[in-house]
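As structure tokens, the structure follows; a few thoughts come after it.
Every read-out reported here was derived from the displayed coordinates using simple, explicitly stated rules and does not represent laboratory data. Remember, predicted model here, so these are calculated numbers, not experimental data. Please note: Cβ atoms are built from the backbone with ideal geometry, for glycine as well, and neighbour counts cover all protein chains shown.
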Amino acid sequence: MEGALKLWIVIVVVGALNYLSRLSFIAFFASREMPPLLARALKFVPAAMLTALVVPMVLVPPTAEALAGTSPRVPAAIVATVVAFFTHSTLKTLGAGMAALWLAQALAR
């Protein structure tokens with residue numbers, strides 16, 4: 001029981017620190033104007049976060065077959081990137097990427 005209590009204390013403390021760090025940023029700029037350079041930089045945060053989440057899942061091999069270069073994730077990611085570039089549609093990008101992944105997985109078997 002002691003290990004579970006420590007885990008919950010860590011979860012609550014980390015959650016509170018996360019919340020307070022976000023709240024402090026919002027509260028600080030609530031009564032001030034955001035500097036133009038900071039406002040411009042914040043526009044790129046969603047794309048950077050998405051890239052940080054997706055690229056390791058595509059490029060880091062989870063199995064030995066990926067080490068051999070037969071991972072279906074890379075071609076599927078390329079298809080999704082091309083569709084995203086030309087359509088600017090999230091749903092079309094997700095659909096094309098998943099369809100390409102499933103097709104590549106089926107062909108790899």
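Can you tell which of Val13, Ile78, Trp102 lies farthest toward the positive end of the dipole of the chain, using +1 and -1 charges on the Cβ of basic and acidic side chains (Lys, Arg; Asp, Glu)?
With unit charges placed on the Cβ atoms, the residue in question is Ile78.
Kindly state, to the nearest 0.05, the FRET efficiency for Ile78 paired with Leu38, given R0 = 30 Å and r defined as their beta-carbon distance.
In this case the efficiency is close to 0.35.
For the chain, what is the charge dipole size about the Cα centre, in debye to the nearest 20, if Lys and Arg each add +1 at the Cβ and Asp and Glu each add -1 at the Cβ?
220 debye
Give the dimensionless ratio obtained when the Cα radius of gyration of the chain is divided by 2.2 N^0.38 Å.
1.58
Divide by every residue of the chain the summed helix terms, -39500 (n - 2.57) for each DSSP H run of at least 4, and state the resulting mean residue ellipticity at 222 nm, rounded to the nearest 500 deg cm²/dmol.
-26500 deg cm²/dmol
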